[in-house]
Amino acid sequence: MEALGLPSLSPLTISQSTTSRRVQTAKSSWTRTHSLGLSSTFGIRHKKRSVIRMIADTDDYDLRQMKDLAAARKRWDSLALLFLESLQIREQKVKCLTPREAGYAIQLSDKTLLDVRPSVERNKAWVKGSTWIPIFDDNSGFDPGTLSRKTTNFVMGGWWSGAPTLSYKKRFLPSIEEKFPKDSDLIVACQKGLRSLAACELLYNAGYRNLFWVQGGLEASEEEDLPREGPQPLKFAGIGGVSEFLGWTDQQRGAAAKEGWAYRLVFSARLVGLFLVADALFLGAQQLGHYLQELRTH
């Protein structure tokens, strides 16, 4: 009582009625304290759930934002492809072939398929007998400019799509001129069609006139269109990143529609595993924070 700033009372002056009132007061105080403890514990749990939900909502928002960026990038590539395609076809610089027609031309007329894709796509799948000379390839340098481009590419959706940071290969035209004369019939292909159109423009300006462009790229091909080598189908050579891991690319969704529930089950298990890992990391970080706080107090 003295510690609380209240006068001390002698036990002899306390009546029996006062004692009983104090006992009842103590019981009611214990009851209130106990109920407050339960409600406090419930409040903490509720706050934890709210924090987890808030983090999950933030992650969903970031995921949607990255998917929107990837979709915008895809729309931009499509617009650029349409523009270049209409320009070169109108000027009769190239002749268009579907992937199936390109397969027939390679088998029946012994034309050369020039693969201008970067190494990251070529290593996954390639057309049997094709010649590989990339117009762009992955920049593996560590200079400040390259690191800055890699960081920007990763932040702007590279982590989601797996798109590498590419740079123009200065030896592209000299390598082709060393291997093919100017009157060669060249079927030029990339993964989606945009880079192969750029390659056709360079080749035409260098004096090549018998150019055939694979419309839609190797991604538009079916398994029976072109003889394939490599660990993956040609359609899947251009995908990567988190979207490939979770099976959320257009190519994988198309395959899932054909393969059925067994194909989807693999990616559903990956998604569940990803959420479990994220939850475990969050709870582990909480426990570590409590442990560090206890160390500071002792």
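The values are calculated or read from the model by the stated rules, or taken from the named source; none is laboratory data. Owing to the predicted nature of the structure, the values given are computational and were not obtained by experimental measurement. Cβ: placed from backbone, ideal geometry, glycine included. Neighbour counts: every protein chain shown.
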- Go through region 115-160 and count every residue that is more than 21 Å from Gly240 (Cα to Cα) and among the acidic types (Asp, Glu). 1
- Message: Just the residues that are touching a residue at least 60 places away in the same chain (Cβ under 8 Å), farther than 24 Å from Lys124 by Cβ and of a type outside the set (D, E, K, R), please, taken from region 200-235.
- Response: Leu202, Tyr204, Leu211
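Those residues that are hydroxyl-bearing (Ser, Thr, Tyr) and either surrounded by fewer than 17 Cβ atoms within 10 Å (Cβ to Cβ) or over 18 Å from Ala105 (Cα atoms) (or both), I need them from region 183-207; list them, please.
First, pick out the residues of region 183-207 that are hydroxyl-bearing (Ser, Thr, Tyr): 184, 196, 204.
Correct list: Ser184, Tyr204.
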- Considering only residues of region 246-270 that are aromatic (Phe, Trp, Tyr) and out of contact with any Leu (no Cβ under 8 Å at 6 or more places or on another chain), which is surrounded by the most Cβ atoms within 10 Å (Cβ to Cβ)? Trp248
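Name the residues in region 106-120 that are out of contact with any Pro (no Cβ under 9 Å at 6 or more places or on another chain) and in a helix (DSSP H, G or I), would you?
Our first condition is that a residue be out of contact with any Pro (no Cβ under 9 Å at 6 or more places or on another chain); within region 106-120, this holds for 108-114.
Scanning region 106-120 gives Leu108, Ser109.
Just give me the residues in region 169-189 being within 12 Å of Pro99 (Cβ to Cβ) and under 29 Å from the mean Cα position of the chain (by Cα), in sequence order. If you could, list the steps in order and put the result at the bottom.
Within region 169-189, the first condition is being within 12 Å of Pro99 (Cβ to Cβ), and the residues that meet it are 187, 189.
Once the filter is applied, which keeps residues that are within 12 Å of Pro99 (Cβ to Cβ) and under 29 Å from the mean Cα position of the chain (by Cα), region 169-189 yields only Ala189.
If you go through region 131-145 one residue at a time, do you hit one that is in the same structural domain as Gly230 (by TED's automatic domain parsing), part of a helix (DSSP H, G or I), loosely packed, with under 13 Cβ neighbours inside 10 Å and not aliphatic (A, V, I, L, M)? Break it down into steps so the answer makes sense when it comes.
Step one: filter region 131-145 for residues in the same structural domain as Gly230 (by TED's automatic domain parsing), giving 131-145.
Filter once more, keeping what is part of a helix (DSSP H, G or I): 144-145.
So of that shortlist, the ones also loosely packed, with under 13 Cβ neighbours inside 10 Å come out as 144-145.
Subset that is not aliphatic (A, V, I, L, M): 144-145.
Yes, that holds for at least one residue.
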- Would you mind finding the one in Gln251, Gln286, Gln232 that is of a type outside the set (Gly, Ala, Ser) and in a loop (DSSP other than H, G, I, E, B)? Gln232
- Only residues in region 148-164 that are surrounded by fewer than 18 Cβ atoms within 10 Å (Cβ to Cβ) count as the first member; pair them with residues that are not in a helix (DSSP H, G or I), Cβ under 7 angstrom, at least 6 apart or cross-chain, and list the lot. Arg149/Thr165; Asn153/Ala163; Asn153/Thr165; Gly162/Ile239; Gly162/Gly240
